[in-house]
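Structure record follows, encoded as structure tokens.
Each value in this text was obtained by applying a stated rule to the coordinates, not by laboratory testing. This one's a predicted model, so the numbers in the text were calculated from it and none came from an experiment. Every residue, glycine as well, gets a Cβ built from its backbone with ideal geometry; the counts of neighbours run over all protein chains shown.
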Amino acid sequence: MKEELRKVKSGLALVLLGIFFNVSLGVSFGVAEGSIQYYIHKEVAAHPEVHDEHSEDKIWRYVQRAHMHAGGISAFSLGLIILVMFSDMKARLKTVSSTLIGLSSFYPLSWFTMFAVAPYMGRMQSHEFIMTEIFTYIGVGGLLSGLLILAANLFLGMFRDAGYAD
């Protein structure tokens, strides 16, 4: 078991960071929700030219989405990495696949980036902000790539380690 765990350690580390991000946001909501909403209100008021009457509520939803996505994506990515760990995939591909799946933890950072920059940049511009797009492509691309490798192994028998018997 220890050897199998070593093969997926990088993916697990990324997923655990996603879980930590989720819990940190949840704690910050409980401890400082008013401060977070004040930040949004203050920056929206300072930049009225890029906002409308819905901006404050929408930006507040961005940080909530970062929290919800971090929890949900981390949970199912953890399950996928456990499947990788117990699959008959070649050792190197277990590491690659689990790391790619672990990169899904970057996707919630796209929502957090939008929350952080939208108050002074505007909501539409925050969606097109370079860091938002980078986090989205890394998170979604990593997850889909790792999942493709795992599915090819589980359902098509590809990438099998010769040491496993059927």
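Centre-to-centre separation between the Cα atoms of the range 126-166 and those of the range 34-64: 35 Å. Extension gain, PHE29 to PHE76, is 14.6 nm, computed as 0.36 nm per intervening residue step minus the present C-alpha separation.
Considering every alpha-carbon pair of the range 2-156, the percent of pairs per 10 Å bin, from zero through the bin containing the longest distance, is 12, 35, 27, 16, 8, 2. Counting lysine pairs in the chain whose alpha carbons fall under 17 angstrom apart, excluding pairs fewer than 8 residues apart on the same chain, gives 7. The charge dipole of the chain, taken about its Cα centre with unit charges on the Cβ atoms of Lys, Arg (+1), Asp and Glu (-1) only, comes to about 720 debye. Taking amide H atoms as placed 1.01 Å from N in the peptide plane, the amide H of MET89 lies under 5 Å from those of ASP161, each 5 or more residues away in sequence or on another chain. Helix 91-102 and the longest principal axis of the Cα set of the chain meet at an angle near 20°. Round to the nearest 10 and give me the degree value, 0 to 90, for the angle of helix 107-121's Cα axis relative to the longest principal axis of the chain. Long axis of 107-121 versus the principal axis of the chain: about 20 degrees.
With respect to the chain, whose longest principal axis is taken over its alpha-carbon atoms, helix 55-86 is tilted by about 10°.
Computed from the C-beta positions of ARG92 and VAL140 and an R0 of 30 Å, the FRET efficiency is 0.80 to the nearest 0.05. Put in line by how crowded their Cβ is, counting other Cβ atoms within 10 Å and starting with the fewest, SER74, SER104, SER97, SER55 read SER55, SER74, SER104, SER97.
Taking other Cβ atoms within 10 Å as a rough exposure proxy, LEU80, LEU154 sort from fewest to most as LEU154, LEU80.
Here the Gaussian network model covers the chain, with springs between Cα atoms less than 10 Å apart; of VAL63, VAL96, VAL27, VAL27 fluctuates the most. Label positions at LEU156 and ALA13, each projected 7 Å from the Cα along the C-beta direction, are separated by 3.0 nm.
Summing Lys and Arg as +1 and Asp and Glu as -1 over all other residues whose Cβ lies under 15 Å from the Cβ of SER77 gives a net charge of +2.
Counting every C-alpha pair in the range 70-166, the share spaced more than 18 angstrom apart comes to 51%.
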